[in-house]
Structure formats: structure tokens, C-alpha cells
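Every number in this text was worked out from the coordinates using simple rules, so none of it is lab data. This one's a predicted model, so the numbers in the text were calculated from it and none came from an experiment. Every residue, glycine among them, receives a Cβ derived from its backbone with ideal geometry; neighbour counts consider all protein chains shown.
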Amino acid sequence: MLKQFDVTKSKMFRIMDDDGRILSDKYMPVIDDKQLVKAYHDMLFARTADHMTVSYQRQGRIFTYPPNFGQEAIHGATAQVMRYDDWLVPAFREMGAWLAKGATLKDIFLYFMGYEEGNSWPQANHLLPISVPIASQLQHAAGIGYAIKFKKLDEVVFAFVGDGGTSEGDFHEALNFAAVWKVPVVFVVQNNQFAISVPFRMQTASKGIAIKSQAYGMPGIQVDGNDFLAMLLTMQEASEFSRTGNGPVLIEAVTYRKGAHTTSDDPSKYRSKEEEEIWEKKDPINRLRNYLTDKGLLNSDEEARLEEQYRSEVDRIFVEAENHPAYPLEDVFKYMYADMPDDLRKQMANHEEFLRWKESIQ
Ligand SMILES: Cc1ncc(C[n+]2csc(CCOP(=O)(O)OP(=O)(O)O)c2C)c(N)n1
């Protein structure tokens, strides 16, 4: 599909409709039924963990968290194609892909509880830390791609960014560099329609993001990011393209952030109920569930049992994270530099003083 897709003319690539029915089986990803059901269950697990994390935040048990709700098919498809030695370069909203790359849910919880160690993913191979400075991670992705090519390794980089991130200079620099040097990076833009409260139409005057691939000189495709099968075929073809020495690919995965930007945001202030209802019908997990049910691959009793099991597993891991030894205050200050500079030392001393004062008035 990547070869046939014309970014100037083609319509967004889809395989299934909003109800999970196949529109055309001309292009279908190769995946066996067992693996397909597993992919669905992994997405369901990620959604369960995501919902429960929002709830923990509301209970005051974890800090600010960016929900993934509605974007799970993009991460689920990435999980299917990433190999052990491939690199995942995240932004901050790809929980299913982090888990697939080997991050543990406990580490994810620790990160959002403020532990620096929660971002080091000791169990995962080639997973970069969460990157909150928007789009800055793409430079690292292009650089890793350059190293892979230089060392003639059989590895691919999967780099994530949001639609808002495409307005940053970093996006341009990384894509330009990657294409000029023909490095193996699959850039995945999660176009979830908003950058906090800024709608996509205010982000760019371009007809979309995929079309920007033309100017950089790399293939691009606009795909329904809520259609697991279309997403999977796209990821399969893009990773194969990059792995075989053809350079980078730009994927615009069109989706919708069903939740808030983060737990500190209230989307009802800037978008309508009607819009949310339109997108509710395109939910990626419901569509895949309908498809699998029509194929006779799901059993509803078993599904209910699994969801219950996921909930207790997530809760068990969360409690484990809550009982993790508290981090020393120094961790907050020593993270950036090998030797702590004087201004940070002063800040740390001030903060220690503040904590002593707080304790004295309790
Ligand atoms: C360089 C930089 N500027 C601004 C911010 C504040 N900020 C945090 S998230 C965000 C919006 C990101 O939107 P998008 O790239 O579409 O990703 P999404 O949050 O929708 O997944 C902004 C502006 C930041 N973190 N970094």
C-alpha cells in the first residue's frame, strides 16, 4: 500500500469501516488468528491500565498523566512489527508500545509518581525515555538511524510525535536529515486532532501531515489510526522499507484523543459533545472486537473474565509501585548533570529548608 499511496490524491487508507467490517480485502496484513487475538488483548490490557491510571490520579495516588484512550491501535500495530533490536523513541502517549518494547507497568507507574528511575526501563532493549519537550525526541531518532546505517546494523527506529509536534523546528530538522542520509526511521505522527486545546486546523495550513513527506523526499501515507488492520499493514510495509536500506517513512495516523490532554486538562472547554460522539463510533478497540467477533474468534464469557483479570493485575502492580521506597530528594536535582552545578545545589538546599519548615508546622 505504501508504494501505491499517492499523498497528493489518495484518500486516507482504511481496511475496515467504523463497525469493523472489511471494506476491501485487496490489501490485508499477514497475521495469524492467534496473534490477532493476542494483539487485541494487549490493546485491551493497555486500555485497562490507562483508565485505571486516570482513576488513581483522581484519587491523588499518582501525578499528572496523559491518557492514551482512543489511540491504542497505533501502539498495538507498532507492537507487532518492532523487533528486539529495533528502537522505540517515544513522545509521552504510547503506553501499549512501551509495554511491547519491554517496559514494565511498574516502571511506567514509577515514572508518573516522580521517580527518575521509572524512565530508565532497565528491562527494555533500545527504548528511549519519555520525552516531554515536544518533538525533541525526533532528533535523537534521526541520529540513532544514522548510527545504525553507519554500523550496518539490522535495526529500525520507530519515532513518535503528535500533530502539534509537527509544527516544531525539530520535526523539520529530523525529517530532513533522515531523508538526506536515508536512515532507517519510521516517523509516526499520532494526529489525534488536538495539541492540548489547539485543533488541528490551527496547526497547519497544509492538507495534512503525510503530504509533507513529499517535500522531504520520503514515502508518506495517511492511515486510519483507529483501524488496527490498516495500521498493521502500514507498519509492516514501512518497517520493511526502512529495514532494507530505503530510508525513512512518514506515517500520519489519524486518530482521536478520547480523553483529556492530561489529567490537568478539561476538554469540554474546547470541543463539543457532538464531535466526541462522531469519534466514539470510530473507537479502535470496538472495531477490532466487532471484526474478531464476526470471525468467531472471541468468546464473551472469556472476555469478561479477562477484563476482570487485567483489572486485578493492574491494581496489584500499582500497589507494588506505591510501596516502592521513596526517592531521595537529591534524585530530583542530580538527574541532568554528572556533577551538580552550584545553582542546583542552592535550589536543593532551599528545598531542604522548605521541607524542614513544613515538618516543623505540622
Ligand atoms: C517544546 C515544548 N513546548 C511546549 C510544551 C507544552 N506542551 C506539552 S504537550 C503539548 C501539546 C502537544 O501536542 P501534540 O504534539 O499534538 O501531542 P498530543 O499531546 O496531542 O499527543 C504542549 C504544547 C512542551 N512540552 N514542549
Listed residue (Ala174, Ala141, Asn125) projecting farthest to the positive dipole end of region 33-327, Cβ model: Ala174
All Cα pairs of region 220-300, percent lying beyond 22 Å: 47
Charge dipole magnitude, Cβ of K and R +1, D and E -1 - region 1-74, Cα centre, debye nearest 20: 200
In nm, spacing of pseudo-spin labels at Asp17 and Lys34 (7 Å Cα→C-beta vector): 3.3
Gyration tensor verdict on region 62-112 (Cα atoms; rounded if a/c is under 1.5, prolate if a/b is larger than b/c, oblate otherwise): oblate
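Counting Lys and Arg as +1 and Asp and Glu as -1, what is the net charge of the other residues whose Cβ lies under 9 Å from the Cβ of Val223?
-2
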Estimated Rh, the chain: Kirkwood, alpha-carbon pairs, angstrom: 21.5
Sum of side-chain charges, Glu117 neighbourhood, beta-carbon under 9 Å (Lys, Arg +1; Asp, Glu -1): -3
Residues His261, His75, His51, sorted so that the one with the fewest Cβ neighbours within 10 Å comes first: His51, His261, His75
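Would you mind checking Lys151/Lys182; Lys38/Lys295; Lys207/Lys273; Lys11/Lys282; Lys149/Lys182; Lys9/Lys258 for any pair whose Cα atoms are more than 19 angstrom apart?
Those over the limit are Lys207/Lys273; Lys9/Lys258.
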Leading residue at positive end of dipole, the chain (Cβ point charges), from Ser268, Gly245, Phe45: Gly245
Among 165-176, 246-257, 199-210, the order from most to least packed when residues are scored by Cβ within 10 Å on average: 246-257, 165-176, 199-210
Check: region 1-144 dipole with +1 on Lys, Arg Cβ and -1 on Asp, Glu Cβ, in debye: 200
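Mind putting a number on the dipole of region 33-327 about its Cα centre? Charges go on the C-beta only, +1 for Lys and Arg and -1 for Asp and Glu, and I need it in Debye to the nearest 20.
For region 33-327, the charge dipole is close to 520 debye.
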Extension gain, Lys106 back to Leu153 (0.36 nm per residue minus Cα-Cα distance, nm): 13.8 nm
For region 57-164, convex hull volume per residue from C-alpha positions, Å³: 107
